[in-house]
Amino acid sequence: MALKFEVLGKFNRARAARLTLPHFICQTPLFMPVGTQGTIKGLTNNQLEEIGCQIILGNTYHLALRPGAELIDDLGGLHKFMNWKRALLTDSGGFQMVSLLHLADITEQGVTFQSPVDGKPMLLTPEESIQIQNKIGADIIMALDDVVKTTITGPRIEEAMYRTLRWIDRCIAAHKRPDAQNLFGIVQGGLDPVLRDICVRGLVDRNLPGYAIGGLAGGEDKDSFWRVVAQCTAALPEDKPRYVMGVGYPLDIVVCSALGADMYDCVYPTRTARFGTALVPEGVLRLKNQAMANDERPIDSTCTCMVCRNYTRAYLHCLVTKDAMGSQLVSYHNLSYMMRLSKDLHTSLVEGQFPEFVRGFLRAQFPKGNVPEWVCNAMEVAGVDISTCCAPITS
């Protein structure tokens with residue numbers, strides 16, 4: 001095991017921790033920008049360090065296609081190849097079972113993809129996924145799991161969950177660098193509490209360095225989403241990191257952190273930036289709107305990032321969706337927002353102010369008190385009193 005996880009502050013289920021990895025010491029809750037092929041679109045590594053980015057996610061499937069794991073290994077691993085001195089996590093490639101399902105054939109052996117690059121078949125087995133990730137050299141590597149959308153019902157969900165447990169043993173056996181890379185297992189089971197419980201217990205029995213909650217962010221309703229997170233975090237070990245995969249909306253991260261999760265990743269902050277949408281405490285700011293054309297204010301008056309210090313909404317309105325600089329500047333701000341949110345969650349837990357932080361966050365997002373019912377239900381389970389944020393119910 002090549003990590004150390006130390007809880008520094010708690011409020012009921014929520015916790016702030018220090019996660020020591022081979023390349024960097026991170027603080028949780030922790031958001032990971034997605035750098036699919038070793039880069040965050042539009043931003044340099046120096047800019048990422050400047051905004052406090054601690055860890056980047058890379059994708060095994062795409063890196064294996066281009067530039068190739070052998071080349072990355074020959075050039076000293078992904079850290080050296082992309083000149084990133086902080087932590088890295090690589091996904092297993094399993095998510096492509098969902099996103100590229102029309103190109104994939106899933107069997108007990110593994111997943112056969114039709115390459116979107118040259119059309120040739122590519123077999124990704126648990127062993128091959130781990131071998132590729134060993135060559136890439138990330139601090140955290142993910143087991144190959146059988147991924148299905150949560151909106152699917154029937155025997156396919158149970159099949160995928162049990163296959164995920166069989167594949168984790170093949171991943172463990174194939175992992176040749178446990179002293180330098182941490183293998184995380186992924187909890188599957190769809191929206192079925194019984195299947196989720198079986199998968200959690202099976203993975204915990206294998207005593208892995210960390211655990212992920214997978215199969216969410218796939219179209220399920222929010223009430224089902226938070227209940228799966230709550231069930232899994234309650235059953236996963238207190239002394240290991242818990243990672244909710246594919247989650248990146250600020251509200252989701254606050255709720256999941258209250259329920260005891262530690263790590264998140266999503267393309268949302270950078271993808272939405274390319275469409276001219278900025279993240280602000282109130283939710284989102286659509287810079288394409290004509291109302292922005294003469295607005296001399298920064299994106300967010302409470303933000304101290306380089307973009308908010310130097311550029312107006314009016315200037316960004318001229319750029320977004322028309323000039324590459326626009327998406328770059330808004331991406332910089334959006335990731336700054338996510339890093340600040342993560343840091344504020346951590347600090348509030350360490351300083352014993354977590355409920356106050358959550359209430360302040362919800363008041364900014366829902367000034368009329370119309371906090372969604374699923375958030376209210378989740379916070380009740382998390383033991384966070386948000387009654388003062390909610391408008392009284394009228395008949």
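Just so you know, all these numbers are worked out from the coordinates, no wet-lab data involved. What you see is a predicted model, and the numbers here were worked out from it, not measured in a lab. Quick reminder, even Gly has a Cβ in these numbers, built from the backbone with ideal geometry, and neighbours come from all protein chains shown.
In the chain, the convex hull through the Cα atoms has an average projected area of 19.9 nm², a quarter of its surface area.
Arranged from highest to lowest average of other beta-carbon atoms within 10 Å per residue, in what order do the peptides 293-302, 371-380 appear? Could you put the intermediate results ahead of the total?
Details: 293-302: 14.4, 371-380: 17.9.
Highest-to-lowest ranking by the protection proxy: 371-380, 293-302.
Each residue, Asp344 and Ser224, gets one label point 7 Å from its Cα in the Cβ direction; the gap between the two is 3.2 nm.
Would you kindly work out the equivalent ellipsoid of the range 256-395 from its C-alpha gyration tensor and give its semi-axes, the square roots of five times the eigenvalues, largest first in whole Å?
30, 18, 13
Seen through its C-alpha gyration tensor, with square-root eigenvalues sorted a ≥ b ≥ c, the range 116-202 comes out oblate because a/c lies at 1.5 or above while a/b is not bigger than b/c. Among beta bridges from DSSP that stay inside the chain, the antiparallel ones total about 50%.
Ordering of 222-229, 266-273 by packing is 266-273, 222-229, highest average first (other Cβ atoms within 10 Å, averaged per residue). Extending 7 Å from Cα along the Cβ direction at Glu50 and again at Thr388 yields two label points whose distance is 3.8 nm. In this simple spin-label approximation, Glu380 and Asp205 carry label points 7 Å from Cα along the Cα→Cβ vector, and these lie 3.5 nm apart.
Among Asp344, Asp252, a tally of other beta-carbon atoms within 10 Å of each Cβ gives an order, fewest to most, of Asp344, Asp252.
As a calculated quantity, the FRET efficiency between Glu158 and Arg18 at R0 = 30 Å, using C-beta atoms, amounts to about 0.20. The residues Ile130, Ile40, Ile172, when put in order of fewest to most other Cβ atoms within 10 Å, stand as Ile172, Ile40, Ile130.
Expressed as cubic angstrom per residue, what is the convex hull volume of the alpha carbon set of the range 272-338? Mind showing how you got there, number by number?
On the way: hull volume 4.7 nm³, N = 67.
Spelled out: Cα convex hull of the range 272-338, divided by residues, is 71 Å³.
In the structure shown, the pairs Lys10/Lys240; Lys149/Lys222; Lys4/Lys240 are assessed against 19 Å; each Cα-Cα span is contained within that value.
Counting other Cβ atoms within 10 Å as a rough exposure proxy, the listed residues Cys389, Cys303 run Cys303, Cys389 from fewest neighbours to most. Legend note: in the chain, cysteines whose Cβ sits 4.7 Å or more from every other cysteine Cβ are Cys26, Cys53, Cys171, Cys199, Cys232, Cys256, Cys266, Cys305, Cys318, Cys376, Cys389, Cys390. Within the straight-line cut-off of under 18 Å between alpha carbons, the lysines reachable from Lys135 are Lys80, Lys85, Lys176, sequence neighbours fewer than 8 places apart in one chain being disregarded. The slack in the chain from Cys318 to Ala2, taken as 0.36 nm per residue of separation less the alpha-carbon distance, amounts to 109.0 nm. From most to least packed by mean Cβ count within 10 Å, the peptides 76-87, 281-292 give 76-87, 281-292.
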